[in-house]
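The values are calculated or read from the model by the stated rules, or taken from the named source; none is laboratory data. Because the structure is a prediction, the values reported are computed rather than measured. Cβ: placed from backbone, ideal geometry, glycine included. Neighbour counts: every protein chain shown. Surface areas here come from the heavy atoms of the whole protein model, side chains and all, with no ligands, DNA or RNA. Shrake-Rupley method; radii C 1.70, N 1.55, O 1.52, S 1.80 Å.
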Amino acid sequence: MKIILGSQSENRKHVLTEAGYVFDVMIPNIDEKAIRHENWYEMPLRLAKAKAEALLPRIHESALLITADVVTIWNGELREKPRDFAEARLFLKSFSKSPHPVECVNGIVVTNTATGVFAAGTDISKVWFGEISDEFIDTLIGEGNVCNWAGAFTLLDPRMKARVSRLEGTYESVLGMPMDIVDRCMKELT
């Protein structure tokens, strides 16, 4: 069955490609900041569902639509995509050698577009970082991409991945696409 990734995330595209999937991409174009929930651990699943709802009317063929969202939580604080470079700097500096992990909280929804039936799941991975120097933070900010990622980081960047001191969960989950959840949901629908 055809697969559609309902996301513009380079991280998610990378994970699906590495897993051997061939897929099309559609961008949901929703206002993610308008979808809130007091329980941050439930918010990514709500966002993934909203992305699916936005895309379904635009799909006119049988396919499995994969939508996802990830937020990061650190020391009891929600860390979404930074609003600006100053916030990105604050995020990265706080992660440096912190005893608190960055929790990457994922929501995944896979929808059979022919039937409207969906399967969903959540996943949490935890990342601890070693030192993230001011010089490295300056370099990342100078490259201009830090505001594109929840928590201001991606482990697709080998320099950032090298600063991970401990990981509980999966690399794919930190990238916003926990493949065990995706695969389980896809099997439920086929």
Would you list His37, His60, His100 from the most to the least accessible area, probe 1.4 Å? His60, His100, His37
Would you compute, from DSSP H runs of 4+ residues alone, the mean residue ellipticity of the chain at 222 nm, taking -39500 (n - 2.57) per run and dividing by the full residue count, rounded to the nearest 500? -9000 deg cm²/dmol
Over all Cα pairs of the chain, how is the pair count split among 10 Å bins, expressed in % and running from 0 up to the last occupied bin? 9, 38, 34, 15, 3, 0
For region 8-72, what size does the Cα cloud have along each of its three principal axes, sorted from largest down, in whole Å? 36, 27, 15
What does the charge count near Ser7 come to, summing +1 for each Lys or Arg and -1 for each Asp or Glu among other residues with Cβ under 13 Å from its Cβ? -1
Packing-wise, with mean Cβ within 10 Å as the measure, how do 145-158, 162-175 rank, highest first? 145-158, 162-175
Return the loop-located chymotrypsin sites (Phe, Trp or Tyr not before Pro) in region 39-98 (DSSP other than H, G, I, E, B) with at most 15 other Cβ atoms within 10 Å of their own Cβ; answer none if there are none. Tyr41
Given q = 0.12, 0.22 Å⁻¹, what are the Debye log10 I(q)/I(0) values for region 61-169, with equal point scatterers placed on the Cα positions and solvent ignored? -0.47, -1.14
When Rg is the radius of gyration of the Cα atoms in region 62-123 and Rh is its Kirkwood radius, what does Rg/Rh come to? 1.18
Just need the relative contact order of the chain here, percent rounded to a whole number, with Cα pairs under 8 Å and 6+ apart. 24 percent
